[in-house]
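Peer 1: Okay, handing you the structure first.
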Number of protein chains: 2
Amino acid sequence: MSSIPNSATKTDLVTAYRRDQILQAARGRFMAGGLKGTTMNQIAHAAGVAKGTVYTYFTSKDAILNDLLSDDLGRLRETTLPAIAADEPLPDRLRAFFRAEVAFYEQGRDFIELCQLELGREPRRKARRQLGDVFAAQQAAWTVTLIGFGIPEDAAARRARAIVSLAYGLAVQRMRGWLDGDAESDIEAAARLAWKGAVS
Amino acid sequence: MSSIPNSATKTDLVTAYRRDQILQAARGRFMAGGLKGTTMNQIAHAAGVAKGTVYTYFTSKDAILNDLLSDDLGRLRETTLPAIAADEPLPDRLRAFFRAEVAFYEQGRDFIELCQLELGREPRRKARRQLGDVFAAQQAAWTVTLIGFGIPEDAAARRARAIVSLAYGLAVQRMRGWLDGDAESDIEAAARLAWKGAVS
DNA sequence: TAATCAAATGACCGTCCGGTCAGTTGACTA
DNA sequence: TAGTCAACTGACCGGACGGTCATTTGATTA
């Protein structure tokens, strides 16, 4: 047999497996101890490999973080934006939007934000802007939606901002354990407040 | 003259001055580079003293952070709670509340939160709980207020939570530069949304 | 089985940082 | 002016961490 039948594919599979193994371990450690508070040894140990092996798959600690960041930003975008423009009654869309945002942060994905102070100036600015882009997209989508409900453009934009802020505040406060009730009733209350406040 | 006329007072003044000098420097550096990203040399240099001098006034880096934390938590409490129970029309109180919260975070006081991942497990839990206490107090105050407007207790509590979340989300998103408009119109929009949503 | 080599390992290196402390400074006293 | 001492200084120490690389491992091939 040729020495390269499908070996590229197989190698790729192993590589993908190891990368994922390391990324999951790193996410856990970063969330538990922060960026600077987590050592490469801890990440390697959590992934069940030696430190040197980590450097076979990632060039540096920052490279690992970058992968996690873009992964999570994509997920936030994918889960929240479709809810806004869905073909459903507005109250349902509000609920779905709040639910998606709460779920995202409740899964602990937010170390995107919590790690920011530990990054250097430039990576921090970049990560912050990317997260801001997601919120800007949410706001734009809500603005369009509210305009569709006959609300003047200016007012729609301002109220859209308030909705996005409410979703964000709700999600983060829940994640931090500052809101104790069950998620669904918080989501319901937020959706109701947004509904009454935005379209009346 | 006796050698202790008011020397205690004078020494205290100098001590207070130096402590403040160092605290301000530390706040600036922590906000720029995070807890672990800031060295004692940087703090000392920013305060215009040598590293050893810092240790004359603070026992450790963590001690500096602790002072800043309790300082800021007190300020958040003092500026937001009175607004809720003020003797004013409800929309004005909502505006004042949102304004106070936005101002707090816009002054960059929030490194309380941003530093959390960098603290050890226990200090982190403690700091987080203390901040949670302030939000719980805000929520309780709003609940009482809404009950005063004839809203049933359960609904009042849920809506109070939504108001607190909205204020928090608004403040943090503004501070991060994710909301570009002027603060006053965002505050107005949030107050309106909360007003229509909470008491109708 | 012997040869081959990519993957995995962990001891090691240079650097950096929190905290210490022996020495210096300068304001105040007698 | 000489003496005193608290405030201040910064060189230094011990330890930790990110990243490297010579060596080992074990799967695959011939």
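The values are calculated or read from the model by the stated rules, or taken from the named source; none is laboratory data. This is a predicted model, so every value here is computed, not measured. A quick note on method: Cβ atoms are made from the backbone with ideal geometry, for glycine too, and the neighbour counts reach across all protein chains shown.
Peer 1: Mind checking which residues of the range A:179-200 are facing chain B (nearest Cβ under 8 Å) and surrounded by 22 or more Cβ atoms within 10 Å (Cβ to Cβ)? Give the steps one after another, and end with the answer.
Peer 2: Filtering the range A:179-200 down to residues facing chain B (nearest Cβ under 8 Å) leaves A:179, A:181, A:185-186, A:188-190, A:192-198, A:200.
A:LEU179, A:ASP186, A:ALA189, A:ALA190, A:LEU193, A:ALA194, A:GLY197, A:ALA198, listed by residue number.
Peer 1: Restricting attention to the range A:149-178, which residues are more than 9 Å from chain B (Cβ to nearest Cβ), out of contact with any Leu (no Cβ under 9 Å at 6 or more places or on another chain) and over 19 Å from B:GLU188 (Cα atoms)?
Peer 2: A:GLY150, A:MET175
Peer 1: Oh, and also: Could you list, in sequence order, the residues of the range A:32-58 that are of a type in the set (Val, Ile, Thr) and more than 7 Å from DNA strand D (Cβ to nearest atom)?
Peer 2: Of all residues in the range A:32-58, those of a type in the set (Val, Ile, Thr) come to A:38-39, A:43, A:49, A:53-54, A:56.
Residues satisfying the conditions are A:ILE43, A:VAL49, A:THR53, A:VAL54, A:THR56.
Peer 1: Which ones in the range B:18-69 are β-branched (Val, Ile, Thr) and either in a loop (DSSP other than H, G, I, E, B) or in contact with a Lys or Arg (Cβ under 6 Å, 6 or more places away or on another chain) (or both)? Even if it seems obvious, please write down each step before you answer.
Peer 2: The initial filter retains those residues of the range B:18-69 that are β-branched (Val, Ile, Thr), namely B:22, B:38-39, B:43, B:49, B:53-54, B:56, B:59, B:64.
Correct list: B:THR38, B:THR39, B:ILE43, B:VAL49, B:THR59.
Peer 1: Could you count how many residues in the range B:12-51 are within 28 Å of A:GLY34 (Cβ to Cβ) and either within 14 Å of chain A (Cβ to nearest Cβ) or within 14 Å of DNA strand C (Cβ to nearest atom) (or both)?
Peer 2: Residues that pass the stated criteria total 25.
Peer 1: Further question: Could you look through the range B:114-135, keep only residues that are modelled with pLDDT of 65 or more and of a type in the set (Asp, Glu), and pick out the one that is nearest to B:ALA171 (Cα to Cα)?
Peer 2: We begin by selecting, within the range B:114-135, every residue modelled with pLDDT of 65 or more; these are B:122-135.
Pick out the ones that are also of a type in the set (Asp, Glu) and you get B:122, B:133.
On the way: B:GLU122: 27, B:ASP133: 18 Å.
The selected residue is B:ASP133.
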